[in-house]
2 protein chains.
Amino acid sequence: MPHRAFKNSLYEQFARIGHGVSSPKRIELLDLLAQGEKKVETLAEQTAMPVKNTSAHLRVLRQARLVETRRDASSIYYRLASERVFRFLRDLETLGRERLAEVERVTQQYLAGRDSLEPVTLTELRKRLRDGDVTVIDVRPRPEYEAGHIPGALSVPVAELKRRMKEIPKKREVIAYCRGPYCVYSVDAVTVLRRNGFRARRADKGFPDWRAAGLAVAAGE
Amino acid sequence: MPHRAFKNSLYEQFARIGHGVSSPKRIELLDLLAQGEKKVETLAEQTAMPVKNTSAHLRVLRQARLVETRRDASSIYYRLASERVFRFLRDLETLGRERLAEVERVTQQYLAGRDSLEPVTLTELRKRLRDGDVTVIDVRPRPEYEAGHIPGALSVPVAELKRRMKEIPKKREVIAYCRGPYCVYSVDAVTVLRRNGFRARRADKGFPDWRAAGLAVAAGE
DNA sequence: CGCCTATTCTAACGAATCTTAGAATACCGT
DNA sequence: ACGGTATTCTAAGATTCGTTAGAATAGGCG
């Protein structure tokens, strides 16, 4: 094999990965799958795409071997192919944040005052949780909590927050976490909690980041 | 701004990075730029593309803010936009190697017996260099050596190796390094050296990896 | 100032990709 | 075996991308 042909086929392979993350919808799908496995229909709902379209994008991700599938009864569940895929995804997002001023501009615009919610790092959250002087709430949809969450966290999906607020002790500080650095659930949750007299802060990252950091996780219930 | 529009514009930004690395030729360009800044013409030669084509790909990379430019006299020099771009590139390649069996297959096929060349890790190389019991040679083209190299390494481009072999002491072990894990220069160099009675091994990674590890670098001469 | 060189910009064509409708598949429950 | 459900496969139109020719630009040099 001549030198040039070798390089061509090598870089062609690497480009398969790149192609996987070259579409906004596919990155969003990967971000969702970082929460745990999901059916095609669920992914279609959560990305606001028709099922057929979702299926087509998932096929591209499968060809790039970034996701894998499992069949259960009549449904097919997708999941990230490995923890490294998640880390790569976050590297991509971090690079985007570093290089593209638009990322900062867009998030500032939508999450005006996000920084005023006194973000807590995961390390800090872990310490506070060990000290036992804080209530940690997981504000993601219930199925994602069940697929995996921070041990000791209470599941209060943001949609149920107003109704279930009385379950949360008012004395202690509350820390809300959700899907990741750009997820709005914890922002919404903390805003609502503060309006109702709670001392609340948000975690600067989400559950997948916690798991990727090698910290203990709980599942089920 | 509604929730969905926010997500769309956010993921659209991240996809700009993904789109930058979705083409084999663009990944190859980034890999070359990891060696140091280069002119468009040089990049065109080294990727075996017409200049116009190279320029078009570089434009895409510039739009993704993965590269930056500098003008010197009549030439325009491209470079990676930051060290993090290099790390992202290597993460992409590592993920490719993990996920895509074809990467291993292609490299094994072309670099048959690459593993028999007893690869040395950079940490090991550094120790051996400090102990002073080894000759380290940089077998990349001269301009890349001049743009940055491992301190103490001797520049012996693989094209000049046969002619200049007598400059290398035969008693001591020789370690050859080049552009990176998939670069063939060091493989070729070690093969030639061994055929001529040298005790030679190759570094498992290249100069950009050395620099990214925060180790000392030299330039010029 | 005008020519020379390196590079980019504009434009156009073919190839690849996205989206989505309709048909096909695979497995469950009965 | 049969019908139902979730999903994929096939195919086609619309869009984007890759490639490359020709014109334009920017700066150095005589």
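Looking only at residues in the stretch B:97-146 that are among the aliphatic types (A, V, I, L, M) and at pLDDT below 90, which one is nearest to the chain's Cα centre (by Cα)?
Going through the qualifying residues, I end up with B:L111.
Among the residues of the stretch B:103-121, write down those that are over 26 Å from B:T42 (Cβ atoms) and crowded, with 16+ Cβ neighbours inside 10 Å.
Residues satisfying the conditions are B:V103, B:R114, B:L117, B:P119, B:V120.
Can you tell me which residue among B:A56, B:A81, B:A64, B:A48 is closer than 18 Å to B:I27 by Cβ and in contact with a Leu (Cβ under 6 Å, 6 or more places away or on another chain)?
Going through B:A56, B:A81, B:A64, B:A48 in turn, just one is closer than 18 Å to B:I27 by Cβ and in contact with a Leu (Cβ under 6 Å, 6 or more places away or on another chain): B:A81.
Can you spot a residue in the stretch A:163-170 that is under 30 Å from A:L43 (Cβ atoms) and of a type in the set (V, I, T)?
There is no residue in the stretch A:163-170 that is under 30 Å from A:L43 (Cβ atoms) and of a type in the set (V, I, T).
Give the stretch B:58-77 a look and list any residue that's hydrophobic (A, V, I, L, M, F, W, C), away from chain A (no Cβ under 14 Å) and within 22 Å of B:A15 (Cβ to Cβ), or say none.
Of everything in the stretch B:58-77, just one residue is hydrophobic (A, V, I, L, M, F, W, C), away from chain A (no Cβ under 14 Å) and within 22 Å of B:A15 (Cβ to Cβ), namely B:L58.
So is B:R90 facing chain A (nearest Cβ under 8 Å), touching a residue at least 40 places away in the same chain (Cβ under 8 Å) and not in a strand (DSSP E or B) or not?
no
Report, by residue number, each residue of the stretch A:208-221 that is in a loop (DSSP other than H, G, I, E, B) and at pLDDT 95 or above. Step through it out loud before you land on a result.
Going residue by residue through the stretch A:208-221, those that are in a loop (DSSP other than H, G, I, E, B) are A:213-217, A:219-221.
Scanning the stretch A:208-221 gives A:A213, A:G214, A:L215, A:A216, A:V217.
Scanning for something out of contact with any strand residue (DSSP E or B) (no Cβ under 8 Å at 6 or more places or on another chain) and modelled with pLDDT of 95 or more, does the stretch B:65-76 turn up at least one residue?
Checked against the condition, which is being out of contact with any strand residue (DSSP E or B) (no Cβ under 8 Å at 6 or more places or on another chain) and modelled with pLDDT of 95 or more, the stretch B:65-76 yields at least one hit.
When the stretch B:172-207 is examined, which residues are found to be assigned to a helix (DSSP H, G or I), in contact with a helix residue (DSSP H, G or I) (Cβ under 9 Å, 6 or more places away or on another chain) and more than 18 Å from B:K127 (Cα to Cα)?
B:Y185, B:S186, B:V187, B:D188, B:A189, B:V190, B:T191, B:V192, B:L193, B:R194
Being crowded, with 17+ Cβ neighbours inside 10 Å and more than 14 Å from every other protein chain (Cβ to nearest Cβ) is the requirement here; does A:L125 meet it? Full working, then the answer.
Values: crowded, with 17+ Cβ neighbours inside 10 Å: yes; more than 14 Å from every other protein chain (Cβ to nearest Cβ): yes.
Here the answer is yes, as A:L125 does meet what is asked.
Looking at the stretch B:35-57 only, could you name the residues that are more than 12 Å from chain A (Cβ to nearest Cβ), polar (S, T, N, Q) and more than 14 Å from DNA strand D (Cβ to nearest atom)?
B:Q35, B:T42, listed by residue number.
Can you tell me which of A:A176, A:A147, A:A189, A:A153 is within 18 Å of A:F86 (Cβ to Cβ) and either crowded, with 16+ Cβ neighbours inside 10 Å or free of Cβ contacts under 8 Å to residues at least 12 places away in the same chain (or both)? Even if it seems obvious, please write down each step before you answer.
On the way: A:A176 fails: within 18 Å of A:F86 (Cβ to Cβ); A:A189 fails: within 18 Å of A:F86 (Cβ to Cβ); A:A153 fails: within 18 Å of A:F86 (Cβ to Cβ).
On inspection, the qualifying residue turns out to be A:A147.
Here's the yes/no breakdown for (1) part of a helix (DSSP H, G or I); (2) touching a residue at least 24 places away in the same chain (Cβ under 8 Å); (3) of a type in the set (G, A, S):
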| residue | (1), (2), (3) |
| --- | --- |
| A:S22 | no, no, yes |
| A:L43 | yes, yes, no |
| A:V60 | yes, yes, no |
| A:V103 | yes, no, no |
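Testing B:P169 on (1) assigned to a loop (DSSP other than H, G, I, E, B); (2) within 13 Å of the chain's Cα centre (by Cα); (3) not aromatic (F, W, Y), one condition comes back false. Which one is that?
Exception for B:P169: condition (2).
Kindly indicate whether A:L80 is surrounded by 13 or more Cβ atoms within 10 Å (Cβ to Cβ), within 11 Å of chain B (Cβ to nearest Cβ) and within 16 Å of DNA strand D (Cβ to nearest atom).
yes
When B:A5 is evaluated against the numbered criteria (1) exposed (fewer than 15 other Cβ atoms within 10 Å of the Cβ); (2) more than 10 Å from DNA strand C (Cβ to nearest atom); (3) closer than 18 Å to A:L92 by Cβ, which criterion, by number, is the only one it fails?
(3)
Scan the stretch A:17-33 and give yes if some residue there is within 11 Å of DNA strand D (Cβ to nearest atom) and touching a Pro at 6+ places or on another chain (Cβ under 8 Å), otherwise no.
No.
Looking at the stretch A:150-160, is at least one residue more than 16 Å from DNA strand D (Cβ to nearest atom), part of a strand (DSSP E or B) and β-branched (V, I, T)? Spell out how you get there, then give the answer.
Kept after step one, since they are more than 16 Å from DNA strand D (Cβ to nearest atom), are these residues of the stretch A:150-160: A:150-160.
Right, trim to part of a strand (DSSP E or B) and you get A:154-155.
Now drop any that are not β-branched (V, I, T), which leaves none.
For the stretch A:150-160, residues more than 16 Å from DNA strand D (Cβ to nearest atom), part of a strand (DSSP E or B) and β-branched (V, I, T): absent.
Tell me, which residue of the stretch B:41-59 that is surrounded by fewer than 18 Cβ atoms within 10 Å (Cβ to Cβ) and of a type in the set (A, V, I, L, M, F, W, C) is nearest to A:R99 (Cα to Cα)?
This residue is B:A56.
The values are calculated or read from the model by the stated rules, or taken from the named source; none is laboratory data. It should be emphasised that the depicted structure is a prediction, and the values quoted were computed from it without experimental measurement. Here Cβ is always computed from backbone atoms with ideal geometry, including for glycine, and neighbour counts include all displayed protein chains.
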